[in-house]
1. Just checking, does region 118-133 include any residue being surrounded by fewer than 16 Cβ atoms within 10 Å (Cβ to Cβ) and at pLDDT below 85?
2. State the number of residues belonging to region 119-150 that are over 15 Å from A22 (Cα atoms), outside any helix (DSSP H, G or I) and touching a residue at least 60 places away in the same chain (Cβ under 8 Å).
3. Quick one: in region 26-71, of everything that is at pLDDT 85 or above and among the hydroxyl-bearing types (S, T, Y), which residue is surrounded by the fewest Cβ atoms within 10 Å (Cβ to Cβ)?
4. Only residues that are part of a helix (DSSP H, G or I), open to solvent by less than 30 Å² (accessible area, probe 1.4 Å) and at pLDDT below 85: list them for region 221-256, please.
5. Name the single residue, out of those in region 257-267 being exposed (fewer than 14 other Cβ atoms within 10 Å of the Cβ) and either part of a loop (DSSP other than H, G, I, E, B) or of a type in the set (G, A, S) (or both), that is nearest to the chain's Cα centre (by Cα).
6. If you go through region 6-14 one residue at a time, do you hit one that is crowded, with 22+ Cβ neighbours inside 10 Å and aliphatic (A, V, I, L, M)?
7. Being in contact with a Cys (Cβ under 7 Å, 6 or more places away or on another chain) and either touching a residue at least 12 places away in the same chain (Cβ under 8 Å) or over 20 Å from L119 (Cβ atoms) (or both), is that true of even one residue in region 36-55?
8. So, in region 157-192, of the ones that are modelled with pLDDT of 90 or more and exposed (fewer than 14 other Cβ atoms within 10 Å of the Cβ), which residue ends up nearest to I231 (Cα to Cα)?
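The values are calculated or read from the model by the stated rules, or taken from the named source; none is laboratory data. Computed from a predicted model, the values in this text were never measured in an experiment. All Cβ positions, glycine included, derive from the backbone under ideal geometry; neighbour counts span all protein chains shown. These area figures cover heavy atoms from the full protein model, side chains too; ligands, DNA and RNA do not enter into them. Shrake-Rupley method; radii C 1.70, N 1.55, O 1.52, S 1.80 Å.
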Amino acid sequence: MNSEQWLVDQFEQSRAHLRSVAYRMLGSTAEAEDAVQEAWLRVARANGEDVENMSGWLTTIVSRICLDMLRARRARREELVDGWLPEPIISVDDALDPEQEALTADSVGLALLVVLEALSPPERLAFVLHDMFGVPFEEIAPIAERNVTATRQLASRARRRVRGAVPESTARNLANERRVVDAFLAASREGDFDALVSVLDPEVVLRSDHGPQRAPGRLMAQGSAGVAEVILKRGAPFAPLARHAVVEGQPSATVVVDGQLISLVRFTINAAGRVAAIDLVLDPQTLRRLRV
């Protein structure tokens, strides 16, 4: 294998990791892809044969690119009229791993990304690399153009702001919510009315969002019996296709047909461990903005 092919293989093995770093740094899937592509162009021009820690080297390259992009975005911010919001990603987990699911929810939740957007670029860099990916401060400091002590302070300030603005989501809470959603999906697939009613709050509401042309947020049903009846009657064709998901840290389910997201179900689960609200998103424009 020649050195060029070896470098290509090394980069492809790290691509998913680099994309994750870039997305958490930038909060935009499109910009994350751009950052990873730019990283490859820089890597291709460099000679990586003498690099001892390839993953660390690639992470450093993409992090520097993201830092430059954050600084450029901050400079343009005054020109933006409508502001900017990060793009949420739907995380679908088939492995039934609540602890990993909690990490996913905490890492890419929209609320967290909004808070990260308020940080300065160096603060965001230090927090994302250290707290989310475990990169040592000694490696982050040269990227942030700070000494190690100052870099630790950057991450500490960012951590305080994040903790003050985003409620902590524990693996236990997410695991409990997952069990409720799994019970809901199982009852829906089996057509079990009693089992479905048992996971619903007596005052549960079912709402649907068909988009601006079709009364968004329309109340479809209320009360456990009424909601269960609508779910089993109208949702029967799609129940086998529903998959558990996490959207912005909220327990959800998706229905994907031929690679296209056709519906999103978001659950609000109360302290008693029952579904208190179900929001069915069918608006094509909303669904197209989400990435699964």
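1. yes
2. 0
3. Step one: filter region 26-71 for residues at pLDDT 85 or above, giving 26, 31-45, 53-71.
Okay, now just the ones that are also among the hydroxyl-bearing types (S, T, Y), so 55, 59-60, 63.
Values: S55: 13, T59: 23, T60: 18, S63: 25.
Once the filter is applied, the top-ranked residue is S55.
4. Once the filter is applied, which keeps residues that are part of a helix (DSSP H, G or I), open to solvent by less than 30 Å² (accessible area, probe 1.4 Å) and at pLDDT below 85, region 221-256 yields only A239.
5. Step one: list which residues in region 257-267 are exposed (fewer than 14 other Cβ atoms within 10 Å of the Cβ), which gives 257-260.
After this cut, where a residue has to be either part of a loop (DSSP other than H, G, I, E, B) or of a type in the set (G, A, S) (or both) as well, the list is 258-259.
Details: D258: 22, G259: 18 Å.
It comes out as G259.
6. First pass over region 6-14, keeping only residues crowded, with 22+ Cβ neighbours inside 10 Å: none.
Among the residues of region 6-14, not one is crowded, with 22+ Cβ neighbours inside 10 Å and aliphatic (A, V, I, L, M), which makes the answer no.
7. The first filter runs over region 36-55 and keeps only residues in contact with a Cys (Cβ under 7 Å, 6 or more places away or on another chain), leaving none.
So far as region 36-55 goes, no, none of its residues is in contact with a Cys (Cβ under 7 Å, 6 or more places away or on another chain) and either touching a residue at least 12 places away in the same chain (Cβ under 8 Å) or over 20 Å from L119 (Cβ atoms) (or both).
8. Checked region 157-192; the qualifying residue nearest to I231 (Cα to Cα) is G191.
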